[in-house]
Amino acid sequence: MSDEKQTTARKIKVIITGATGMVGEGVLHECLADPNVEGILSLSRKPVGMKHPKLTEIVHADLFDLSAFEEQLKGYDACFFCLGVSSVGMNEAEYTRVTFDLTTYVAKLLSKWNVGMVFCYVTGEGTDQSENGKSMWARVKGKTENHLLQLPFRKAYMFRPGYIHPTKGLTNTHRYYAALSWMYPVLRRTLPKHVVTLKELGQAMIYLVHENYDASILGSKDMALLASHYSTSH
């Protein structure tokens, strides 16, 4: 990894998708707090619900048609793709549409319009890159990862968190994670490879815009390690 002074000096601009969900809100929170993130564009179907000098928004009902926003989506160093849905109650075709089709559509445009972009995609622990496993969601996520890794980004990273400990004070915490938050100290101590904080996840993304990491597939332990480097450099 390169000199940490370079990390603190460089100003970056990022696009965040899914900022109205738990992970996206947490990543947005870290970007707003980082003085080296000078511009943030939220791309979503509904407003974030807050105002900040660094934050601009594209609110658009049909994210499958972004042709009208080409100029607004240019000039960014990274995309933190946090948009996702649960597969519960969906068949494979429906889940593929909102996971593989939408993600790869947006990513393809961004890779074309932003030379040198870093793309960070939130998938999940258990994602199946063979695309042949029994778990439908894992197959679709694996197919999505495989496609993203072939696009002409400067670097693409697949984030596969297990349990995500929420950031206190944020409003979009998923009920599942909120219910387990009291167990976090025990989980972190006994299952460190499967537990990460939302703060660490966001900081790891920001760090990777500045620094390369050998692995393209990141588990919770990788995210925690990168977040520790982030903290040292700030």
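The values are calculated or read from the model by the stated rules, or taken from the named source; none is laboratory data. Bear in mind that the values here come from a model prediction, so they are computed numbers and not experimental data. Because the Cβ atoms are built from the backbone with ideal geometry, glycine has one as well, and the counts that use them run over all protein chains shown. Calculation scope for accessible area: heavy atoms of the full protein, side chains included, ligands and nucleic acids excluded. Shrake-Rupley method; radii C 1.70, N 1.55, O 1.52, S 1.80 Å.
Data for the structure
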item: Ratio of Rg to Rh over the range 192-234 (Cα coordinates, Kirkwood Rh, two decimals); result: 0.93
item: D_trans [Stokes-Einstein, Kirkwood Rh over alpha-carbon pairs] for the range 96-234, 20 °C, 1.002 mPa s, µm² s⁻¹; result: 134 µm²/s
item: Sequence-distant aspartates and glutamates (8 or more away, or on other chains) whose Cα lies within less than 13 Å of Lys11; result: Asp34, Glu38, Asp77
item: Accessible-area ranking of Glu131, Glu25, largest first, probe 1.4 Å; result: Glu131, Glu25
item: Inter-part distance where the range 17-67 and the range 103-119 are each reduced to a Cα centre, Å; result: 16 Å
item: Base-10 log of normalised Debye intensity for the range 26-180 (one unit scatterer per alpha-carbon) at q = 0.12, 0.13, 0.18 Å⁻¹; result: -0.56, -0.66, -1.31
item: All aspartates and glutamates inside 15 Å of Lys221 as judged from Cα atoms, apart from same-chain residues fewer than 8 positions distant; result: Glu125, Glu200
item: Cross-link pairs beyond the 32 Å C-alpha cut-off, checked among Lys51/Lys108; Lys51/Lys143; Lys13/Lys141; Lys134/Lys168; Lys74/Lys193; result: Lys51/Lys143; Lys134/Lys168; Lys74/Lys193
item: Within-10-Å neighbourhood charge of Tyr213 [Cβ basis; K, R +1; D, E -1]; result: -2
item: Relative contact order, percent, the chain [alpha-carbon distance under 8 Å, six or more residues apart]; result: 20 percent
